[in-house]
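To start, the structure under review is shown below, and the notes come after it.
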Amino acid sequence: MIGVIDYGAGNLRSMFNAISRIAKSTGQDVVITNDPDLLRSADKLILPGVGAFGSVMYDIKKNKIDEFVKEWIKKGLPFMGVCVGLQVLFEFGYEMGTHEGIGIFKGEVIKFKKAAPIPHIGWNQISVVKETPFFSKEDDGKYFYFVHSYYVNPKDKNIINTFTDYQGEVFTSSVYSDNVFAVQFHPEKSHQNGAEVIKKFVLL
């Protein structure tokens, strides 16, 4: 079973539907919930992200999802973060003030400095930094759909899976480390390219 974390932000239905379509073809069930007991029965976990870093972390902490995510990742179980679900894995974010993240990775979430217009909305390409179960050199140049004004700045550059250039500002568009994979783009809005990424996670 695949668990999709619902921390109360709403608007997660498109992600749930995209995962469900792919999971169904592999005989897997999908549950969307904020109940840690139910999520513990899953084999894989997805943290989608909708909203600003500060408000998302407020909801995550209110539902004690931060401790559950730490526990899950520490056990070495498959985990995927999407958009703000990537950003909150880092130590600090500066959207809507300064806020602590879950802190799985060292680093911060910063605003685009020189790129315009902001937010970065629309299709953009990825450049593959290292080969992982999710991206190979054959995926270099593929387009994915982005909606964001902030991006992660990892201290450990070895976790960077892909980067993307937006108006001359290069940012990390996905990370991969052990059992954790997370992306800045929205795979559920990225048509076939996005479906392929979701399928790779579902089939782990």
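The values are calculated or read from the model by the stated rules, or taken from the named source; none is laboratory data. Small disclaimer: the values here were computed from a predicted structure and weren't measured. Because the Cβ atoms are built from the backbone with ideal geometry, glycine has one as well, and the counts that use them run over all protein chains shown.
Can you name every residue in the stretch 140-190 that is of a type in the set (S, T, N, Q) and farther than 16 Å from residue 90 by Cβ?
First pass over the stretch 140-190, keeping only residues of a type in the set (S, T, N, Q): 149, 153, 158, 161-162, 164, 167, 172-174, 177, 179, 184, 190.
162, 164, 167, 179, 190, listed by residue number.
Filtering the stretch 133-144 to residues that are touching a strand residue (DSSP E or B) at 6+ places or on another chain (Cβ under 8 Å), closer than 14 Å to residue 197 by Cβ and assigned to a helix (DSSP H, G or I) leaves only 139.
Could we say that residue 147 is at pLDDT 95 or above, part of a strand (DSSP E or B) and farther than 19 Å from residue 82 by Cβ here? I'd like the intermediate steps shown before the answer.
On the way: at pLDDT 95 or above: yes; part of a strand (DSSP E or B): yes; farther than 19 Å from residue 82 by Cβ: no.
No.
Count of the stretch 151-193 residues, restricted to those that are more than 24 Å from residue 22 (Cα to Cα), touching a Pro at 6+ places or on another chain (Cβ under 9 Å) and in a strand (DSSP E or B), is 2.
Per the conditions (1) aliphatic (A, V, I, L, M); (2) over 30 Å from residue 67 (Cβ atoms); (3) surrounded by 23 or more Cβ atoms within 10 Å (Cβ to Cβ); (4) out of contact with any helix residue (DSSP H, G or I) (no Cβ under 8 Å at 6 or more places or on another chain), the sole criterion not satisfied by residue 126 is (4).
Residues are listed down the side, and each one gets a yes or a no for (1) modelled with pLDDT of 95 or more; (2) buried (at least 17 other Cβ atoms within 10 Å of the Cβ); (3) over 22 Å from residue 153 (Cβ atoms):
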{"site": "53", "(1), (2), (3)": "no, yes, no"}
{"site": "78", "(1), (2), (3)": "yes, yes, yes"}
{"site": "86", "(1), (2), (3)": "yes, yes, no"}
{"site": "101", "(1), (2), (3)": "yes, yes, no"}
{"site": "115", "(1), (2), (3)": "no, yes, no"}
{"site": "118", "(1), (2), (3)": "no, no, no"}
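Here the condition is being in contact with a strand residue (DSSP E or B) (Cβ under 7 Å, 6 or more places away or on another chain), closer than 30 Å to residue 94 by Cβ and surrounded by 16 or more Cβ atoms within 10 Å (Cβ to Cβ); of 2, 60, 65, it holds for 65 alone. For the stretch 22-48, filtered to residues that are of a type in the set (Lys, Arg) and at pLDDT 90 or above, the residue that is surrounded by the fewest Cβ atoms within 10 Å (Cβ to Cβ) is 40. Can residue 93 be described as on the phi > 0 side of the Ramachandran plot, of a type outside the set (Asp, Glu) and surrounded by 17 or more Cβ atoms within 10 Å (Cβ to Cβ)? So residue 93 fails the test. Residue 200 passes every criterion in (1) in contact with a Pro (Cβ under 9 Å, 6 or more places away or on another chain); (2) at pLDDT below 95; (3) among the basic types (Lys, Arg) apart from (2).
If the condition is being of a type outside the set (D, E, K, R), at pLDDT 90 or above and in contact with a helix residue (DSSP H, G or I) (Cβ under 9 Å, 6 or more places away or on another chain), then the stretch 56-76 contributes 56, 57, 60, 65, 68, 69, 72.
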